[in-house]
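J.: This is the structure I want to talk about, given as structure tokens.
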Amino acid sequence: MVQQLWETVKESITAYTGLSPATFFTALAVGLALYYVVSNLFSSSDDGQSHHGGGFEEQMQPLPPPVQVGEITEEELKQYDGSDSKKPLLMAIKGQIYDVSQSRMFYGPGGPYALFAGKDASRALAKMSFEDKDLNGDLTGLGVFELEALQDWEYKFMSKYVKVGTVKTTVHVNDGAAESQAREATETEAAKPAEVVNGNVSKPTEPAEAADRDVAKPAEDGPSETAAKEKTEETTTADDAEKKE
Ligand code: HEM
């Protein structure tokens, strides 16, 4: 039976390939050996590539721990919009900057919320808007419900992401007269001497006065600040100066 089968195989080999069974099997063995050598070569060069260029495995590697950026301007925040894959993905709500790198699928290039990355998205989130004019931290004219919605977003971000800094905001202050002036008013720098930020000259402002007028001041309310700080404390030791405030 086996002998018969072997004879049939031999006959078929000769009939189909024109080679003697011995030649056929030699050629097959050489072919397999070649395939083995070549595929090994390729798999080792693939390994080499995955160390250098963003392969799937590389993307799956754990993210580097969030880095504190301190107080930066909106302009500086833009560099963290995901266009440079070596930089973290940052996004701000109410002047508080969060590292959202872990949600690259949302905020990274091509993601549904990529337009929020590198920006203070407070107004857009409050209004549930994707419009260009709302992609900023300006809260003027927002209604109660919008501010509440924004508050919910802030809580979500505080619980999910690490706070890594604050946005140096330029606040438009109405000085009684019709004319409004751009002033520097942040948590830490309200009483600082005149300074030029983003082309706007800011004047020294008394802290109390600044606090009263500060519309878009970074989360001045107690609970959110505290929670954000707790989150930061858990994951990093930097930003100590701010915590002492
Ligand atoms: C048809 C309307 C929308 C649908 C179906 C939708 C759906 C979703 C879904 C499924 C998620 C993922 C939730 C999760 O896994 O945690 C998400 C996240 C999110 N959505 Fe929407 N969304 C819509 C509209 C909006 C609008 C209008 C905004 C704001 C302008 C918005 C802002 C966000 C943000 C910021 C996140 C990410 C939150 C995070 O970082 O965890 N969405 N959305």
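J.: Past 19 Å, Cα to Cα, is the threshold; run Lys94/Lys119; Lys87/Lys127; Lys94/Lys156; Lys78/Lys156 against it and keep the listed order.
T.: Working: Lys94/Lys119 11 Å; Lys87/Lys127 29 Å; Lys94/Lys156 13 Å; Lys78/Lys156 22 Å.
The pairs that break the limit, which is 19 Å between Cα atoms, are Lys87/Lys127; Lys78/Lys156.
J.: Taking H as built 1.01 Å from N, whose amide H comes closer than 5 Å to the amide H of Gly82, not counting residues under 5 places away?
T.: Long-range HN contacts for Gly82: Leu90.
J.: Something else: Can you list the HN-Hα couplings for region 13-28, worked out from phi with the Karplus curve (6.51, -1.76, 1.60; θ = phi - 60°), rounded to whole Hz and with x for Gly and Pro?
T.: 4, 4, 5, 7, 9, x, 9, 6, x, 4, 4, 4, 5, 5, 4, 4
J.: Heavy atoms only, probe 1.4 angstrom, no DNA, RNA or ligands counted: give me Phe130, Phe116 ranked by accessible area, highest first. Could you put the intermediate results ahead of the total?
T.: Details: Phe130 115, Phe116 10 Å².
The most accessible residue leads, giving Phe130, Phe116.
J.: Related question: What is the percent carbon and sulfur in the accessible area of region 69-133, measuring with a 1.4 Å probe over the protein chains and ignoring ligands? All intermediate terms of the calculation are to be shown ahead of the outcome.
T.: Values: 1550 of 2940 Å².
Exposed carbon and sulfur together represent 53 percent of the surface.
J.: Something else about it: Provide the per-residue ³J(HN,Hα) series for region 101-118, in order, calculated from phi with Karplus coefficients 6.51, -1.76, 1.60 and θ = phi - 60°, each as a whole number of Hz, with x at glycine and proline positions.
T.: 4, 5, 10, 4, 5, 8, 9, x, x, x, x, x, 10, 4, 5, 7, 5, x
J.: At a 1.4 Å probe radius, which order do Ser129, Ser83, Ser39 fall into by accessible area, largest first?
T.: On the way: Ser129 15, Ser83 95, Ser39 45 Å².
Result of the area sort, largest leading: Ser83, Ser39, Ser129.
The values are calculated or read from the model by the stated rules, or taken from the named source; none is laboratory data. Computed from a predicted structure; not experimentally measured. Each accessible area value is taken on the protein alone, full model and side chains, heavy atoms only, with ligands, DNA and RNA left out. Shrake-Rupley method; radii C 1.70, N 1.55, O 1.52, S 1.80 Å.
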